[in-house]
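Undergrad: Attaching a single structure in structure tokens format; questions to follow.
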Number of protein chains: 2
Amino acid sequence: MVHPLEETLIARQIAPTPMRLLVLDVLQRHPAALSLADVELLLEHADRITVHRTLKTFTEKGLVHRIEDGSGAVKFALCEPQCTPEQHHDLHVHFFCTRCRETSCLPTVAVPTIALPAAYQVQETSLVMKGLCAGCAGIPTSIS
Amino acid sequence: MVHPLEETLIARQIAPTPMRLLVLDVLQRHPAALSLADVELLLEHADRITVHRTLKTFTEKGLVHRIEDGSGAVKFALCEPQCTPEQHHDLHVHFFCTRCRETSCLPTVAVPTIALPAAYQVQETSLVMKGLCAGCAGIPTSIS
DNA sequence: CGGACGATGCAATGCTATTGCATTGTTTCA
DNA sequence: TGAAACAATGCAATAGCATTGCATCGTCCG
Ligand SMILES: [Mn+2]
Ligand SMILES: [Mn+2]
Ligand SMILES: [Zn+2]
Ligand SMILES: [Zn+2]
């Protein structure tokens, strides 16, 4: 009997090393998407470069997807189980909160199909909405 | 009679300095969105920092909009005449070509309205599509 | 004239991402 | 088992973009 975290990695052809299990664990525990710096902070003594290469491997194997939210740092979030590197099944909208700077996947909000002039060959669509998240919406920006 | 470029700046409450006129001119001449480095290259002897602050001023005054295309560098493109810093009227899709790395505004392709769970307060929507542009679509990636 | 203000330009810094390279750990196979 | 082969790790260094600090310059009043 293998640990569930190990199974997840093995299913994606990723050798389950201690560091990778730690990174996967922290990704699973956190609802919001995490940047490289976030993971580094949450894994107190992890080397930044190793985490970077771990996230790169995860991305290449279809375990996580990259989110460019305009915050300056790329965020990472777990993919759906049926995702592969070639074919992603979690083509959803992402939300970036301008107050708490957290980025979330919105699995229930699919990216709509957009028709482009025929000359374009679309490979990928990224839809990021910015504003106040559920937690921040009720809080005024400052007490004045 | 004032020069048309000067009129454009004055209409946006921007003092028409020589540097600003040069940056506006290069933005008008180029169909694709330009990064800070692009403008710096096109304006041979311009100081990088001054161009940076010029683009920042233009953005704050509603003359240009920022495009985060995931290329690593923010791109800038002219807004429609009726845009203001508070209210943009050019909420269109942007296209990033993965081959020539050019980013274009698609003024004819509007960003669709996306319904989010009520708790979210949306301020802005960014929709970037990636693939091959009209010019690059016909060209194979390499001769093999 | 002289101060106030904005614009400019050089230097320095911050932040994120990435590469080089030596070391360590693990698997393979004779 | 033992050595080669390979993968993973960690430290150092570098690259690239963005931003800030600060002194200077120019212009516009008063
Ligand atoms: Mn997601
Ligand atoms: Mn645009
Ligand atoms: Zn928030
Ligand atoms: Zn192209």
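The values are calculated or read from the model by the stated rules, or taken from the named source; none is laboratory data. Bear in mind the structure is a predicted one, so any value in this text is a computation, not a measurement. All Cβ positions, glycine included, derive from the backbone under ideal geometry; neighbour counts span all protein chains shown. Each accessible area value is taken on the protein alone, full model and side chains, heavy atoms only, with ligands, DNA and RNA left out. Shrake-Rupley method; radii C 1.70, N 1.55, O 1.52, S 1.80 Å.
Undergrad: Could you tell me which residue of the stretch B:109-120 is surrounded by the fewest Cβ atoms within 10 Å (Cβ to Cβ), considering only residues that are at pLDDT 95 or above and in contact with a Gly (Cβ under 9 Å, 6 or more places away or on another chain)?
TA: B:Leu116
Undergrad: Here's something else I'd like to know. Out of the residues in the stretch B:44-58 meeting the condition of being over 17 Å from the mean Cα position of the chain (by Cα) and not basic (Lys, Arg), tell me which one is most open to solvent (accessible area, probe 1.4 Å).
TA: Looking at residues that are over 17 Å from the mean Cα position of the chain (by Cα) and not basic (Lys, Arg), I get B:His45.
Undergrad: When only residues in the stretch B:89-103 that are out of contact with any Pro (no Cβ under 7 Å at 6 or more places or on another chain) and open to solvent by less than 50 Å² (accessible area, probe 1.4 Å) count, which is farthest from the other protein chains (Cβ to nearest Cβ)?
TA: It comes out as B:Thr103.
Undergrad: Also, I was wondering about something else. Residue under question is B:His30, and the condition is that it be away from ligand 4 (no atom under 16 Å from the Cβ) and either open to solvent by 60 Å² or more (accessible area, probe 1.4 Å) or away from chain A (no Cβ under 14 Å) (or both); does it hold?
TA: Answer is no for this residue.
Undergrad: How many residues, within the stretch B:98-121, are within 16 Å of DNA strand D (Cβ to nearest atom) and in a strand (DSSP E or B)?
TA: Kept after step one, since they are within 16 Å of DNA strand D (Cβ to nearest atom), are these residues of the stretch B:98-121: B:98, B:100-103.
Restricting the remaining residues to those that are in a strand (DSSP E or B) gives B:103.
Qualifying residue count, the stretch B:98-121: 1.
Undergrad: Can I ask one more? Restricting the search to the stretch B:17-36, which residues are under 13 Å from the mean Cα position of the chain (by Cα) and in a helix (DSSP H, G or I)?
TA: B:Val23, B:Leu24, B:Val26, B:Leu27, B:Gln28, B:Arg29, B:Leu36 - these are the residues of the stretch B:17-36 that are under 13 Å from the mean Cα position of the chain (by Cα) and in a helix (DSSP H, G or I).
Undergrad: Scan (1) part of a strand (DSSP E or B); (2) more than 16 Å from ligand 4 (Cβ to nearest atom); (3) open to solvent by 40 Å² or more (accessible area, probe 1.4 Å) for the single condition A:Ser126 breaks and write down its number.
TA: Here A:Ser126 meets the rest and fails (3).
Undergrad: Does the stretch A:109-124 include one or more residues that are in contact with an Asp or Glu (Cβ under 9 Å, 6 or more places away or on another chain) and either closer than 20 Å to B:Lys130 by Cα or facing chain B (nearest Cβ under 7 Å) (or both)?
TA: No, the stretch A:109-124 contains no residue that is in contact with an Asp or Glu (Cβ under 9 Å, 6 or more places away or on another chain) and either closer than 20 Å to B:Lys130 by Cα or facing chain B (nearest Cβ under 7 Å) (or both).
Undergrad: Counting only residues that are within 16 Å of B:Ile14 (Cβ to Cβ) and within 14 Å of chain A (Cβ to nearest Cβ), how many does the stretch B:57-71 have?
TA: Number satisfying all stated conditions: 2.
Undergrad: Identify, by number, the condition in (1) more than 29 Å from B:Lys75 (Cα to Cα); (2) open to solvent by 80 Å² or more (accessible area, probe 1.4 Å); (3) away from DNA strand C (no atom under 15 Å from the Cβ) that A:Gln13 doesn't meet.
TA: Of everything listed in (1) more than 29 Å from B:Lys75 (Cα to Cα); (2) open to solvent by 80 Å² or more (accessible area, probe 1.4 Å); (3) away from DNA strand C (no atom under 15 Å from the Cβ), A:Gln13 misses just condition (3).
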